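The structure appears below as structure tokens.
The values are calculated or read from the model by the stated rules, or taken from the named source; none is laboratory data. Keep in mind that what you see is a predicted model, and the values were worked out from it rather than measured. We place every Cβ from the backbone using ideal geometry, glycine too, and count neighbours over all the protein chains shown.
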Amino acid sequence: MENNSLYFNPEYECLSREEIEKLQLERLQATVRHCMNSPFYKKRFEEMNLKPEDIKTLADVRKLPFTTKQDLRDTYPFGIASVPLRQCVRLHSSSGTTGNPTVILHTKKDLDEWANQVARNLWMVGLRPDDVFQNSSGYGMFTGGLGFQYGAEKLGMLTVPAAAGNSLRQIKFITDFGTTALHAVPSYVTRLYEVMQANGVDPRKDTKLKVLAIGAEPHSEEQRQRIENMLGVKAYNSFGMSEMCGPGVGFECKEQNGLHFWEDYYIVEIVNPDTLEPVPDGEIGELVLTTLCREAMPLLRYRTRDLTRVLGRTCPCGRNHVRLDRMRGRSDDMIVLRGVNIFPIQIEKILMNFPELANNYLITLTTDEDNDNMTVEVELEELFTDDYQRLKDLEKRIKHDLKDEILLTPYVKLVPKGSLPVSEGKAVRVIDKRKVYQ
Ligand code: ADP
Ligand code: ZN
């Protein structure tokens, strides 16, 4: 039967807060009982003298132990699993941005639920079986490939597994196949646009693109708006994480007022990263997630290290699943320079306000003599090196605005468009060459 609803899973997407919490408690209790099949959690519960029956209310989630990336590394590769290996059908591994990779196992049911989450998100932003979905994300161990593939197929779209890279081929696919929706990391979308421009392709006239899913890396609201203006599309923020399944954990609805995190699948907590106590709604803290439907490798109170805040729990779209602010970045992305804490996204936000600047930038930290310094290299939209005064003036204005935002003045280097490195996966925005004093 054709689904004419605004919702892919109306029975779950439209639950009231009360119903969400009731479902969460049932699922939490079942998850905790299931975790006793994991040698890792069984031992941890014994050490804490905790029993599954101790979880009587939703607030009791706070009695549970935290799980960290280090726990996943210590039990590498299969030590946290709650099912025998023979029940698993897939293994993924996080991209290892911050150290050794970690392994995540999936049963058939896990893959099915994951595809459902992604399909739900894509439906939410208006995609239907008539759409053509191109997935320009890395395939293989990176979950952005297969995760979106299965989700888009589940929704019923013609799905093009273009994978990352080879921009000319991507553009040919977009125009030849009539691609209406595309998924890619934001830094790659801007690259794709530059190649379109260089080859005389006007995305508004020569393509049928209408929706982008962008995510997997931190990006500012300003970057999103640029992408929307460049391509003449709506760009929706997509949050995912291998440990939780992959993409599909949180996604913006058409209101674009934060990411709906699916509370029938996860318990969302925001805690102070130092005290590990909950912070009030609206206050920034570390995102902690407990899986509610995972079979192979449920995780309890997983410390994501991503920093964000609760924006609300209702939405004009009719979904009452919590809305979280776009991620600031991970606590380990934070730059500490001369005692000041800075997130790369703060710098991006300022740079994107200058129409003279293109999208790519690189932050380098160095020690010169005994001083630590920051250099921000940023590409110019067009080359006007003949106008020295204009360049100097632009540099001055950028420095001024950066100082306002990050409280110190970095060196600013304006470089020609296309001269900074571009990665096909997550962008590398910071290079730290500082001397480390022991
Ligand atoms: P790795 O941990 O090796 O980078 P993952 O692919 O599992 O591998 O990455 C998950 C992380 O990517 C998240 O914890 C978060 O830091 C980042 N991330 C994913 N989606 C977004 C998004 N929409 N905005 C900001 N950061 C994101
Ligand atoms: Zn909404």
### Message
Looking only at the range 408-435, filter to residues that are part of a loop (DSSP other than H, G, I, E, B) and farther than 21 Å from residue 194 by Cα; which one of those is modelled with the lowest pLDDT?
### Response
435
### Query
What is the one condition in (1) more than 16 Å from ligand 2 (Cβ to nearest atom); (2) of a type outside the set (A, V, I, L, M); (3) at pLDDT 95 or above; (4) not in a strand (DSSP E or B) that residue 364 does not satisfy?
(4)
#### Entry: Where a residue in the range 248-263 is under 17 Å from residue 23 (Cβ atoms) and its partner, wherever it lies, is acidic (Asp, Glu) and more than 8 Å from ligand 2 (Cβ to nearest atom), with Cβ under 9 Å and at least six apart
260/13; 262/13; 263/21
### Message
Can you tell me which residue is nearest to the chain's Cα centre (by Cα) among those in the range 263-280 that are among the hydroxyl-bearing types (Ser, Thr, Tyr) and not in a strand (DSSP E or B)?
### Response
265
### Query
Taking the condition within 16 Å of ligand 2 (Cβ to nearest atom), within 22 Å of residue 329 (Cα to Cα) and of a type in the set (Asp, Glu), does residue 228 pass?
no
### Summary
With criteria (1) more than 14 Å from ligand 1 (Cβ to nearest atom); (2) in contact with a strand residue (DSSP E or B) (Cβ under 6 Å, 6 or more places away or on another chain); (3) farther than 23 Å from residue 38 by Cβ; (4) not charged (D, E, K, R), residue 343 comes up short on (1)
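Specify which of the listed residues (315, 253) is farther than 20 Å from residue 155 by Cα and within 12 Å of ligand 2 (Cβ to nearest atom).
On the way: 253 fails: farther than 20 Å from residue 155 by Cα.
Going through 315, 253 in turn, the sole match is 315.
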### Query
Under the condition of being in a strand (DSSP E or B) and out of contact with any Asp or Glu (no Cβ under 7 Å at 6 or more places or on another chain), which residue from the range 287-303 is nearest to ligand 1 (Cβ to nearest atom)?
289
### Query
Which one of the conditions (1) touching an Asp or Glu at 6+ places or on another chain (Cβ under 7 Å); (2) more than 28 Å from residue 79 (Cβ to Cβ); (3) in a loop (DSSP other than H, G, I, E, B) does residue 350 fail to meet, given that it meets all the rest?
(3)
#### Entry: Inter-residue pairs, beta-carbon under 7 Å, first more than 25 Å from residue 344 (Cα to Cα) and of a type in the set (A, V, I, L, M, F, W, C) and in the range 309-329, second more than 9 Å from ligand 2 (Cβ to nearest atom) and in a loop (DSSP other than H, G, I, E, B), 6+ apart
322/263; 322/313
### Query
Just to be sure, is residue 375 away from ligand 1 (no atom under 16 Å from the Cβ) and more than 27 Å from the chain's Cα centre (by Cα)?
no
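Residue-by-condition table, conditions (1) within 16 Å of ligand 1 (Cβ to nearest atom); (2) of a type in the set (Lys, Arg):
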position: 313; (1), (2): no, yes
position: 335; (1), (2): yes, no
position: 364; (1), (2): no, no
position: 370; (1), (2): no, no
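Under the condition of being within 16 Å of ligand 2 (Cβ to nearest atom) and not β-branched (Val, Ile, Thr), which residue from the range 321-356 is farthest from residue 18 (Cα to Cα)?
Keep residues of the range 321-356 that are within 16 Å of ligand 2 (Cβ to nearest atom), which gives 321-326.
Pick out the ones that are also not β-branched (Val, Ile, Thr) and you get 321, 323-326.
On the way: 321: 11, 323: 16, 324: 19, 325: 23, 326: 25 Å.
By that ranking, first place goes to 326.
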## Note on the structure
Scanning the range 236-262 for residues that are outside any helix (DSSP H, G or I) and either away from ligand 1 (no atom under 11 Å from the Cβ) or of a type in the set (D, E, K, R) (or both) gives 252, 253, 254, 255, 256, 257, 258, 260, 261, 262
### Subset of the range 409-418 (residues that are loosely packed, with under 14 Cβ neighbours inside 10 Å and either in contact (Cβ under 8 Å) with a residue 40 or more places away in the chain or aromatic (Phe, Trp, Tyr) (or both))
418
#### Entry: Residue match in the range 419-435 (condition: in contact with a Gly (Cβ under 7 Å, 6 or more places away or on another chain), closer than 30 Å to residue 166 by Cβ and touching a residue at least 60 places away in the same chain (Cβ under 8 Å))
yes
